[in-house]
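Encoded as structure tokens, the structure appears first; notes follow it.
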Amino acid sequence: MITAEEDLSFRTYSPILNYRYDRWFQQVEYNGRTLNEDERKEFVKVIDETVSTFSSGLPMLVDELKRSDGLEDDYHKICRAIYFVSLFVVMTMCDCMVAGKHFILAENDYDKRFMRGKMKVILNEGFKKLYGYIEKNKKESEWFRLLDYMKFFPEVINRQYQDLTFQLEKQSKISTWWRDERNYETHIDSEKLYDSRMVEIEESKEMMETLRLYDALLAVNHFLSNAHACLRNYLVEKYRRGEIKVE
């Protein structure tokens with residue numbers, strides 16, 4: 001994240017990447033294959049590395065939110081919206097991956113069934129908070145938080161916002177997003193929870209299902225990177241015009 005305090009003199013404009021967002025919304029069918037032991041170890045290693053990479057930026061996001069608190073000009077309002085959504089996206093991506101890792105690593109039957117249930121809660125709540133399923137929670141979603149600020153961005157960002165909205169809308173209609181499992185796990189409806197947890201575990205299939213949320217979050221993360229590039233370019237332009245003075 002760029003701040004006015006940074007030295008911008010050697011910075012160039014950031015590119016706005018032309019993503020094909022539909023690539024993150026392809027439905028992959030489970031083919032019945034399971035991971036062998038070496039593949040499981042490699043999978044866990046990749047998760048650890050990915051979580052470490054993404055989570056390393058969380059303190060900076062929180063610092064920027066605190067720094068801009070109370071600054072009510074349009075620029076800082078836009079920044080806070082981007083930072084808030086980024087914080088949600090990164091934390092939910094990490095939570096999704098960590099839950100998946102502990103599901104894979106669970107060795108006894110009850111642990112594995114417990115972790116599968118908690119993954120379903122993250123999947124349901126995560127997508128509900130990201131985009132929503134019905135009009136009421138869509139209007140309260142992180143994605144909708146950005147809508148009012150799109151008027152400040154160039155056409156390329158607005159087109160990407162519309163494209164990604166289309167993809168997220170389709171994704172919201174694919175299934176019930178494990179609504180029943182989420183309710184049983186959250187409200188501890190013991191009889192229904194027991195029946196839900198006793199459903200046969202297909203480890204690879206369960207992990208593939210987590211990609212519905214993870215990939216949607218990843219697509220939004222790429223969009224946020226483009227939106228932030230616009231904010232950064234705005235500062236660079238102001239610096240080059242002499243409107244920002246760096247000590």
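The values are calculated or read from the model by the stated rules, or taken from the named source; none is laboratory data. In this text the structure is predicted, and so the values were computed from the model without any measurement. Note that we place each Cβ from the backbone using ideal geometry, even for glycine, and neighbour counts take in every protein chain shown. For the accessible areas, the whole protein counts, side chains as well, though only heavy atoms, and no ligand, DNA or RNA atoms are used. Shrake-Rupley method; radii C 1.70, N 1.55, O 1.52, S 1.80 Å.
Which one, 216, 106, 81, has the greatest fluctuation when you compute a Gaussian network model over the chain with C-alpha springs under 10 angstrom?
106
Can you give me the span-like helices of the chain, meaning DSSP H runs with 30 Å or more of Cα extent along the axis and Kyte-Doolittle mean at or above -1.0?
Values: long enough: 74-105 (46 Å, 1.03); 109-130 (31 Å, -0.86); 203-240 (54 Å, -0.28).
Once both thresholds are applied, what remains is 74-105, 109-130, 203-240.
Under 29 Å from the Cα of residue 112, which lysines turn up, not counting those fewer than eight places away in the same chain?
Cα-Cα hits under 29 Å: 41, 45, 101, 120, 128, 129, 173, 192, 205.
Given a 1.4 Å probe and heavy atoms of the protein chains only, how would you sort 113, 212, 23, largest accessible area at the top?
Working: 113 35, 212 60, 23 155 Å².
Correct descending sequence by accessible area is 23, 212, 113.
Rg/Rh for the chain: what does it come to with C-alpha atoms and Rh from Kirkwood? List each step's numbers first, then the result.
Values: Rg = 20.4 Å, Rh = 20.0 Å.
So for the chain, dividing Rg by the Kirkwood Rh gives 1.02.
Would you mind calculating the relative contact order of the stretch 1-145 from Cα pairs under 8 angstrom and at least 6 residues apart, reporting the percent as a whole number? Can you show the working numbers first?
On the way: 78 pairs, mean separation 25.9, N = 145.
Contact order relative to length: 18 percent.
Can you list the lysines whose alpha carbon is less than 19 Å from that of residue 238, not counting same-chain residues fewer than 8 positions off?
Within the straight-line cut-off, residue 238 pairs with 77.
Would you work out the Kirkwood radius for the stretch 73-170? I mean one over the mean of 1/r across all pairs of different Cα atoms, in Å. Don't skip to the end; give the middle numbers.
On the way: mean 1/r = 0.0655 Å⁻¹.
Hydrodynamic radius (Kirkwood, Cα only) of the stretch 73-170 equals 15.3 Å.
If you average the alpha carbon positions of the stretch 169-247 and of the stretch 44-112, how far apart do those two centres end up, in angstrom?
Here the two parts' Cα centres lie 10 Å apart.
So, by mean Cβ neighbours within 10 angstrom, what's the order for 185-197, 222-234 with the highest one leading?
Working: 185-197: 13.7, 222-234: 18.2.
In descending order of packing, they fall as 222-234, 185-197.
State the three equivalent ellipsoid semi-axes of the stretch 9-57, derived from the C-alpha gyration tensor as the square roots of 5 times its eigenvalues, in descending order and whole Å. Intermediate results must be reported in sequence, preceding the final value.
Working: eigenvalues 215, 86, 11 Å².
Taking √(5λ) for each Cα gyration eigenvalue gives 33, 21, 7 Å.
Which whole-number value in Å² is the accessible area per residue of the chain, probe 1.4 Å?
56
Rounded to two decimal places and with Rh computed the Kirkwood way over Cα pairs, what is Rg over Rh for the stretch 16-128? Numbers along the way, then the final one.
Values: Rg = 18.0 Å, Rh = 16.9 Å.
Here Rg/Rh amounts to 1.06.
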